[in-house]
Amino acid sequence: MRRWILVFVLSLACIAQAMPAQARTWVPAWTASPAPDRRDGTPEAPVQFADQTVRQDMRLGTSARALRFRFSNELGTEPLKLVLVSAQRAGGAAVPVTVDGRSEITLPIGAALLSDPVPLAVPAMGEVALTLYFPGPARPAVRRTPLRIATGRVASVDEAVKLSYQQNVVSAVLAERDARPVVIVALGDSITEGATATRGGHGQWPELLGDRLQQACPDRYVVLNQGISGNKVMDPGRSHSALSRLDRDVIAVGEADQVIVFEGINDIRHNGAPDFVPGRNAEDMILAYRQIALRLGQRGIRTHAATLTPFGGSERYEPVSAATRNAINAWMRSGRSGFDDVLDFDRTLRDAGKPESLPDAITRDHLHPNDEGYRRLAEGIDLAAFGCRAR
């Protein structure tokens with residue numbers, strides 16, 4: 001009997017040795033879309049960074065056993081040299097960051113580089129601080145995010161340093177996990193980017209939606225913010241259009257399973273003084289939205305159309321673009337748009353007494369929500385639309 005038990009145990013051991021180790025996967029846990037240099041500096045000081053250390057705090061939308069950072073110069077106009085200093089989680093020790101073992105790298109024009117795995121375990125909604133040093137003049141080409149900047153090369157930048165809102169080089173943080181969560185990409189403009197949220201407050205609506213999903217369906221979802229201020233659906237502006245960046249920002253880097261498309265206001269408004277060129281009409285916009293739904297649908301990606309929010313009282317409001325907004329929203333609600341679902345942000349935010357406007361309490365410029373407006377957007381979304389039903 002003992003002999004057979006021994007044979008059985010040895011057989012189990014052989015089977016265990018023959019089985020491959022549990023496969024792990026890398027998934028995006030935080031993103032920022034590449035965007036051309038905005039040239040936010042003055043004519044006297046046009047360079048964004050030079051002999052400066054930059055700290056970027058990023059809140060991860062999912063848990064990680066280890067991290068990789070994605071450095072982008074995809075839309076840069078010249079090679080970009082930087083020194084990778086360190087990364088650390090809140091309250092933890094700094095860990096070196098390298099690319100192929102190097103701490104000093106040059107990002108070629110049009111390229112992106114992934115870091116080596118960084119041994120940092122981070123919980124969902126945990127923060128990671130990445131510190132970089134730019135030895136010479138540099139014009140990073142990733143959308144603006146909150147940063148802390150110190151003069152010269154220093155080991156770390158203190159949290160007490162005032163936050164600025166500038167472009168940097170990090171386009172994604174990848175998390176190593178045992179299982180892949182459902183990846184939701186929010187594709188949009190400044191309202192999605194969170195340009196009017198409190199700096200460093202994590203109050204952008206995609207991040208607040210991620211908070212809700214994490215609480216209701218722990219570690220099963222991650223929400224990525226691929227919004228860019230000034231972005232348009234059809235035409236280039238300060239950045240490539242949504243149609244143009246769909247493959248890079250949503251399908252490739254975002255690795256989307258589901259997408260929320262929330263933009264179009266910048267397309268339909270006139271361009272302001274001095275020429276006041278009219279914006280796109282509803283027919284053009286519907287064509288573009290249908291193309292987005294079609295292209296994503298062909299890849300099995302579930303799509304959510306978000307209705308355009310009111311902008312009455314803003315600097316470029318006028319009746320023609322307002323009528324275009326209402327026509328687009330009616331089409332999205334019709335059930336014939338080609339999208340799988342509609343998120344009615346218009347009804348969530350509009351002033352009940354003045355439906356062409358946002359309530360004064362949730363906006364400062366009659367176009368962008370404030371922190372309370374972003375909270376209402378996130379709270380107004382039915383999580384069941386993404387398949388999350390609280391247990």
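Coordinate-derived values only; no laboratory data. On a predicted model such as this, the values are computed, not experimentally measured, just so you know. Neighbour counts are summed over all protein chains in view; Cβ atoms, including those assigned to glycine, are modelled from backbone coordinates with ideal geometry.
Here the contact order of the chain, divided by its residue count and restricted to Cα pairs under 8 Å and six or more residues apart, works out to 16 percent. Multiplying the residue separation of residue 314 and residue 94 by 0.36 nm and removing their Cα-Cα distance gives an extension gain of 74.7 nm.
Listed by chain and number, the lysines whose C-alpha is less than 30 Å from the C-alpha of residue 354, apart from same-chain residues fewer than 8 away, are 232.
The phi torsions of segment 226-234, fed into the Karplus equation with coefficients 6.51, -1.76 and 1.60 and a -60° offset, translate into couplings of 10, x, 9, 4, x, 5, 10, 6, 9 Hz, rounded to whole numbers, with Gly and Pro shown as x. Protection proxy ranking, highest mean first, for peptides 204-214, 94-104, 178-188: 204-214, 178-188, 94-104, where packing is the per-residue count of other beta-carbon atoms within 10 Å, averaged. Candidate cross-link partners of residue 81 among the aspartates and glutamates, defined by an alpha-carbon separation under 12 Å and a same-chain spacing of 8 or more, comprise 51, 104.
Net charge dipole, the chain: roughly 1200 debye, given to the nearest 20, about the Cα centre with Cβ charges of +1 for Lys and Arg and -1 for Asp and Glu. Placing a pseudo-label 7 Å from each Cα along the Cα-to-Cβ vector at residue 356 and residue 341 gives an inter-label distance of 3.2 nm. Only beta bridges with both residues in the chain are counted; by DSSP, about 70 percent of them are antiparallel.
Residues whose amide H comes within less than 5 Å of that of residue 81, counting only those at least five positions distant or on another chain, are 107 (H built at 1.01 Å from N in the peptide plane). For a label point 7 angstrom out from the Cα of residue 161 toward its Cβ, which stretches of segment 59-83 have the backbone nitrogen within less than 19 Å? Residues 59, 81-83 qualify, since their backbone N sits under 19 Å from the label point. With 10 Å bins beginning at zero, the pair-distance distribution over Cα atoms of the chain amounts to 5, 22, 31, 23, 12, 4, 2, 1, 0, 0 %. Taking amide H positions as placed in the peptide plane 1.01 Å from N, state which residues far from residue 259 in sequence (5 or more) or on other chains have amide H under 5 Å from it. Residues meeting the criterion, in which the H sits 1.01 Å from N, are 185, 302, 303, 304.
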